[in-house]
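Beneath this line is the structure, given in structure tokens, with notes to follow.
The values are calculated or read from the model by the stated rules, or taken from the named source; none is laboratory data. None of these values were measured; they are calculated from a predicted model. Backbone-built Cβ (ideal geometry, glycine too); neighbour counts: all protein chains shown. Note: areas computed on protein heavy atoms with side chains; ligands, DNA, RNA excluded. Shrake-Rupley method; radii C 1.70, N 1.55, O 1.52, S 1.80 Å.
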Amino acid sequence: MSKTQDKATQQFESLFIAPARAYGSLTLEYYEKLLSAQMEAFRSYSDLSLAQARAWIDVKDSDSLKQVLETQQKAAKELGERLQGDTKKVVDLSQEFLQKGQQLAEQNVKAASAATK
């Protein structure tokens, strides 16, 4: 290859390929974290629901009914807190992704302007 072709290839790599690869990596990392958070939440909600269903099966008298109702109130409170925490986790992940994406875009603009000089 000639020097001109080498330079053109390097510029193409630095202006298009490298930024696309970096953004793809960032996106993959974000979705991996998001999917993990969703799976963890689903597991927690499922476990809580199954525990409540099992408790209802064990109701045999008024005392056990009272106990299940109290447990259900605690479970509802726990679920609300868990939903709040999970929502915050997703918002934080999204904000982190946005910030890193903006930084990546700024770096790419600087690299592109430096490459064209």
- prompt: How far apart, in nm, are the 7 Å Cα→Cβ label points at Tyr31 and Glu78?
  reply: 3.4
statement: Under a 1.4 Å probe, counting only protein heavy atoms, Asp61 has an accessible area in Å², nearest 10, of 80
field: Separation between Cα centres of the range 1-51 and the range 61-87, rounded to whole Å
entry: 38
task: Please work out how much accessible surface Ser25 shows to a 1.4 Å probe, ignoring ligands, DNA and RNA, in Å² rounded to 10.
output: 70
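May I ask you to give the percent of accessible area on the chain that is carbon plus sulfur, with a probe radius of 1.4 Å?
Values: 5460 of 9210 Å².
The C+S portion of the solvent-accessible surface of the chain is 59 percent.
How large is the accessible surface per residue of the chain, computed with a 1.4 Å probe and reported in Å² as a whole number?
On the way: 9210 Å² over 117 residues.
Using a 1.4 Å probe on heavy atoms only, each residue of the chain averages 79 Å².
For the chain, return all DSSP H helices satisfying: extent of Cα atoms along own axis at least 27 Å; mean Kyte-Doolittle hydropathy at least -0.5. Present the calculation step by step, with values, prior to reporting the outcome.
Numbers: long enough: 18-57 (58 Å, -0.12); 62-115 (78 Å, -0.77).
Helices meeting the span and hydropathy rule in the chain are 18-57.
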query: To the nearest 10 square angstrom, what accessible area does Phe42 show with a 1.4 Å probe?
result: 140
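Determine the shape class of the range 34-98: with a ≥ b ≥ c the square roots of the Cα gyration tensor eigenvalues, call it rounded for a/c under 1.5, and otherwise prolate if a/b is greater than b/c, oblate otherwise. Please list the in-between numbers first.
Numbers: a/c = 8.80, a/b = 2.82, b/c = 3.13.
Oblate is the answer for the range 34-98, as a/c is 1.5 or above yet b/c matches or exceeds a/b.
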query: The list (i) 25.9, 89; (ii) 21.4, 80; (iii) 13.1, 39 gives values of Rg and Dmax of the Cα atoms in Å, and only one came from this structure; which label was calculated from it?
result: (i)
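With runs of 4+ DSSP H residues as the only contributors, calculate the mean residue ellipticity of the chain at 222 nm using -39,500 (n - 2.57) per run, divided by the residue total and rounded to the nearest 500.
On the way: 3 runs with 104 residues, N = 117.
Helix contribution divided over all residues of the chain: -32500 deg cm²/dmol.
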message: Could you put Ile57, Ile17 in order of accessible surface area, largest first, with the 1.4 Å probe and the full protein assembly present?
response: Ile57, Ile17
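Which order do Leu28, Leu50 take by accessible area at a 1.4 Å probe, largest first? All intermediate terms of the calculation are to be shown ahead of the outcome.
Working: Leu28 120, Leu50 90 Å².
If we order Leu28, Leu50 from most to least accessible, we get Leu28, Leu50.
With charges set only on the Cβ (+1 for Lys and Arg, -1 for Asp and Glu), what does the dipole of the chain come to about its Cα centre, in debye to the nearest 20? Mind dumping the intermediate values first?
Working: 16 positive and 16 negative charges, 109 e Å.
Result for the chain is approximately 520 debye, rounded to the nearest 20.
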field: Accessible surface, 1.4 Å probe, highest first, among residues Val68, Val109
entry: Val109, Val68
